[in-house]
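Structure record follows, encoded as structure tokens.
The values are calculated or read from the model by the stated rules, or taken from the named source; none is laboratory data. It should be emphasised that the depicted structure is a prediction, and the values quoted were computed from it without experimental measurement. A quick note on method: Cβ atoms are made from the backbone with ideal geometry, for glycine too, and the neighbour counts reach across all protein chains shown.
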Amino acid sequence: MDDPLQWILQRKKGRQRKKNSGWQSRSFCTTREGLVRCVREYCGEVDDEALANLQALADYHHDGE
């Protein structure tokens, strides 16, 4: 799912069907700090490379303007 206003943390749920993408949205974050907090809360232990990728994001999500 692509959203120009926020990062969306999703989890795999079920299988993909005609009316179901197989993904469920968990959190909607406009700041990197919020996204990292939600990833740690919902995903548990995060490996160093994934955490570095998150930390490399901009401080705030923007719509490209």
Practice task
Kindly establish whether E49 is modelled with pLDDT under 95 and of a type in the set (D, E).
Solution key: no
Practice task
Keeping to segment 29-65, report how many residues are part of a helix (DSSP H, G or I) and either in contact (Cβ under 8 Å) with a residue 40 or more places away in the chain or basic (K, R) (or both).
Solution key: 3
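Using the structure shown, decide if L5 is at pLDDT 95 or above, outside any strand (DSSP E or B), touching a Phe, Trp or Tyr at 6+ places or on another chain (Cβ under 9 Å) and aliphatic (A, V, I, L, M).
Values: at pLDDT 95 or above: no; outside any strand (DSSP E or B): yes; touching a Phe, Trp or Tyr at 6+ places or on another chain (Cβ under 9 Å): yes; aliphatic (A, V, I, L, M): yes.
Against the criterion (at pLDDT 95 or above, outside any strand (DSSP E or B), touching a Phe, Trp or Tyr at 6+ places or on another chain (Cβ under 9 Å) and aliphatic (A, V, I, L, M)), L5 does not qualify.
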